[in-house]
Amino acid sequence: MTSAHPVLFEQLQTLYRQSTSTFLGTLLAGTVAAVVLQPSGHTNPLASQLLWGWLGAVVLLTASRFALVRRFFKRVQAAPEPRLDISSTRRAARAFATGSFMSGCLWGILGLMAFDPQAYVPTLFLGFLLGGMVSGALGSLSVYYPAFMAYSIPSVLPFALRCMTEGPREFAGFGLLTLVFMLVCLGYGRGLNRSLLTSIALRFENAQLVRDLAAARDRAELASADKTALLAAATHDLRQPAYAAGLFATGLKTTLAKAFTGSGQPAAAQAQRMAGQLEASVMAFNGLLEGLLDLAQLDAGATPLAASPLPVNALLDSVAGTLAATAAQRNIRLRVRARPDLWVNAPPDALQRIVLNLTSNAIKFTSGNAVLLCARLQAGRVHIGVIDTGPGISEANQQRLFNAFVRLPQDKEQAGLGLGLAIVKRLAAQMDAGVTLKSAPGRGSIFSVNLPLHAGRTPRVSPPQAAGDASSGAFSGWQALVLDDDPMALAATTQAVSDLGLPVQPFDSAEAALAWLGQAGREAKQGLHLLVTDLHLNDAENRDGLTVLAAFRERLPGLRALVITGETAPAQLQRIAHSGVPVVRKPCQPQALQSALREVLAATWNA
């Protein structure tokens with residue numbers, strides 16, 4: 001509900017803005033009246049003097065009202081707020097209404113003074129003039145109804161009453177019509193005033209609504225920014241211990257296997273079995289945590305996607321290599337069938353995540369013994385398919401399967417929250433890619449993602465080398481430098497790197513790493529070095545993994561690097577992408593970390 005003060009002030013502003021033309025009209029009408037109503041000849045010099053005196057009064061009153069208008073706008077400009085305070089506004093309203101009343105009284109005096117029952121034409125002219133003045137005031141004064149009443153009633157009423165009480169019968173009828181006309185104008189002015197008041201109030205309510213909507217939008221944007229910041233911080237802090245726990249679990253299993261090899265003791269078998277169960281539990285927890293955090297990031301729009309030309313065949317080979325061990329454990333043949341000349345323009349990490357999720361689901365839920373990754377060209381789009389021979393999905397369940405936390409009854413025995421396909425759907429939407437599902441109960445499923453064919457020139461790509469082709473003996477002469485500010489993550493990464501047969505020099509801070517760089521001798525600097533660093537280091541001088549990497553590259557020729565991070569902030573992810581350094585996301589499977597390390601060491605990538 002709009003308060004009365006702003007509406008009244010808006011009325012007065014309109015009233016005062018229109019007053020200049022109204023005052024000029026009053027001066028013109030008064031001059032015409034004084035000239036036309038002059039008595040003929042010199043029969044009544046007193047009447048002539050009274051008319052000129054009346055015109056002088058009109059001029060003086062109008063001049064004073066001009067001064068009133070000017071003072072009003074000066075006070076508005078000098079006011080500290082966009083409008084006058086309530087008391088000043090009411091005084092300005094009373095002043096204008098008083099001026100209107102005085103003007104009306106002057107026209108009423110003219111009606112009494114110039115009325116002549118013996119002169120039909122001047123009297124009729126006077127009646128029409130007064131009626132015209134009231135009609136003209138409708139447009140200018142009805143915005144503030146008290147001013148319109150204060151002007152109209154004293155203008156017409158004296159002339160109407162004198163016509164009705166003096167002169168012949170025709171004058172009485174004319175006076176009655178003049179009175180009726182005044183009442184009609186008052187009623188019409190009242191309706192017009194209400195419409196104007198409603199319009200002004202609606203304008204203020206709309207303006208307030210716009211302000212409320214803007215404030216709500218600002219609050220929503222602030223809440224979204226806070227959510228994104230909280231998500232980024234929580235993601236990093238949650239992934240650190242999960243990442244370390246996963247590496248420790250795998251390291252424990254490996255150590256137990258080496259310690260009890262050939263012992264034949266029941267305790268050894270039980271210890272290895274428990275280590276395997278611990279590893280499986282930690283890996284399942286890592287998978288659930290990563291899925292939840294990734295889904296939250298996608299919903300918050302905190303995951304930047306940068307498209308680049310990508311060979312489909314190499315992508316499918318990479319996915320197959322990553323999941324080969326998992327498929328072998330389930331006795332599933334994982335095959336790839338794709339033309340080598342198919343390229344798409346897509347964000348590499350996002351597309352690989354989509355195909356990984358679809359393939360992982362196919363391996364997990366298929367009841368057959370084979371999963372096929374394929375790609376074909378159709379109507380200018382590349383269709384990447386994952387085909388399994390599982391139990392199939394009914395049409396009623398196919399759409400809801402892409403919603404978060406949805407799992408079908410036949411999937412309950414498998415671990416998970418039902419997030420994989422929800423992440424696929426959101427990633428595909430951000431990439432403007434289409435995802436389809438063809439399935440029927442008992443006939444398996446075909447999940448397909450389609451993207452436009454990259455028709456431009458494709459970059460030259462070296463043939464990929466399988467990560468498992470390089471043995472730890474091939475890396476002799478290398479030294480690994482591991483940098484992480486989290487003690488658990490540092491210890492776990494150090495263990496995982498040392499399992500590859502590499503000597504490891506750990507650093508718990510950017511300061512310690514740079515100090516080693518400054519003190520290392522020439523012989524140490526001439527060796528082959530691999531820097532494995534976390535991105536976020538909590539450094540007092542705001543140095544992070546990329547900053548330390550840049551310093552190391554200046555002094556260590558041939559340095560290779562791998563960034564391990566749980567960061568999700570878009571700006572940081574873009575920095576990593578622009579640096580060209582390989583990245584492993586926390587939390588990750590130990591096999592994935594060691595596979596990435598082998599690829600970095602075995603590749604012909606030049607730092």
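For a quick check of your reading of the model, give me the residue pairs whose first member lies in the range 62-73 and is within 22 Å of residue 30 (Cα to Cα), whose second is open to solvent by less than 50 Å² (accessible area, probe 1.4 Å) and hydroxyl-bearing (Ser, Thr, Tyr), with beta-carbon atoms closer than 8 Å and at least 6 apart or on different chains.
62/26; 62/103; 65/19; 65/103; 69/16; 69/19
Test residue 470 against the stated conditions and say whether it is open to solvent by 50 Å² or more (accessible area, probe 1.4 Å), modelled with pLDDT under 85 and hydrophobic (A, V, I, L, M, F, W, C).
On the way: open to solvent by 50 Å² or more (accessible area, probe 1.4 Å): no; modelled with pLDDT under 85: yes; hydrophobic (A, V, I, L, M, F, W, C): yes.
It is false that residue 470 is open to solvent by 50 Å² or more (accessible area, probe 1.4 Å), modelled with pLDDT under 85 and hydrophobic (A, V, I, L, M, F, W, C).
Quick one: residue 60 ticks every box in (1) closer than 17 Å to residue 16 by Cα; (2) exposed (fewer than 13 other Cβ atoms within 10 Å of the Cβ) bar one, so which box is it?
The single condition residue 60 does not satisfy is (1).
Could we say that residue 370 is in contact with a Phe, Trp or Tyr (Cβ under 8 Å, 6 or more places away or on another chain), open to solvent by less than 20 Å² (accessible area, probe 1.4 Å), under 23 Å from residue 318 (Cα atoms) and at pLDDT 85 or above here?
The answer is no for residue 370.
Among residues belonging to the range 295-320 that are modelled with pLDDT of 65 or more and touching a Ser or Thr at 6+ places or on another chain (Cβ under 8 Å), point out the one that is surrounded by the most Cβ atoms within 10 Å (Cβ to Cβ).
The extreme case among them is 319.
Considering only residues that are in a helix (DSSP H, G or I), open to solvent by 40 Å² or more (accessible area, probe 1.4 Å) and modelled with pLDDT under 80, which ones fall in the range 553-591?
If the condition is that a residue be in a helix (DSSP H, G or I), open to solvent by 40 Å² or more (accessible area, probe 1.4 Å) and modelled with pLDDT under 80, then 570, 571, 572, 573, 574, 577, 591 are the ones that fit.
If the Cβ limit is 6 Å and pairs must be 6+ apart or interchain, which residue in the range 428-457 that is at positive phi pairs with which residue that is polar (S, T, N, Q) and open to solvent by 20 Å² or more (accessible area, probe 1.4 Å)?
Every condition considered, the pairs that remain are 444/389.
So which residues in the range 104-130 are open to solvent by 10 Å² or more (accessible area, probe 1.4 Å), within 18 Å of residue 25 (Cα to Cα) and either assigned to a loop (DSSP other than H, G, I, E, B) or not aliphatic (A, V, I, L, M) (or both)?
105, 125, 128
Which condition number does residue 77 fail, the rest of (1) open to solvent by less than 30 Å² (accessible area, probe 1.4 Å); (2) at pLDDT below 90; (3) part of a helix (DSSP H, G or I) being met?
The number of the failed condition is (1).
In this structure, is residue 144 under 25 Å from residue 20 (Cα atoms), open to solvent by 40 Å² or more (accessible area, probe 1.4 Å) and in contact (Cβ under 8 Å) with a residue 40 or more places away in the chain? Walk me through how you get there before you give the answer.
Working: under 25 Å from residue 20 (Cα atoms): yes; open to solvent by 40 Å² or more (accessible area, probe 1.4 Å): no; in contact (Cβ under 8 Å) with a residue 40 or more places away in the chain: yes.
No: the conditions fail for residue 144.
The values are calculated or read from the model by the stated rules, or taken from the named source; none is laboratory data. The shown structure was predicted, so the numbers you read here are calculated from the model rather than taken from an experiment. Virtual Cβ from ideal backbone geometry, glycine too; neighbours counted across all protein chains shown. Quick note on the areas: whole protein, heavy atoms, side chains included, nothing else; ligands and nucleic acids left out. Shrake-Rupley method; radii C 1.70, N 1.55, O 1.52, S 1.80 Å.
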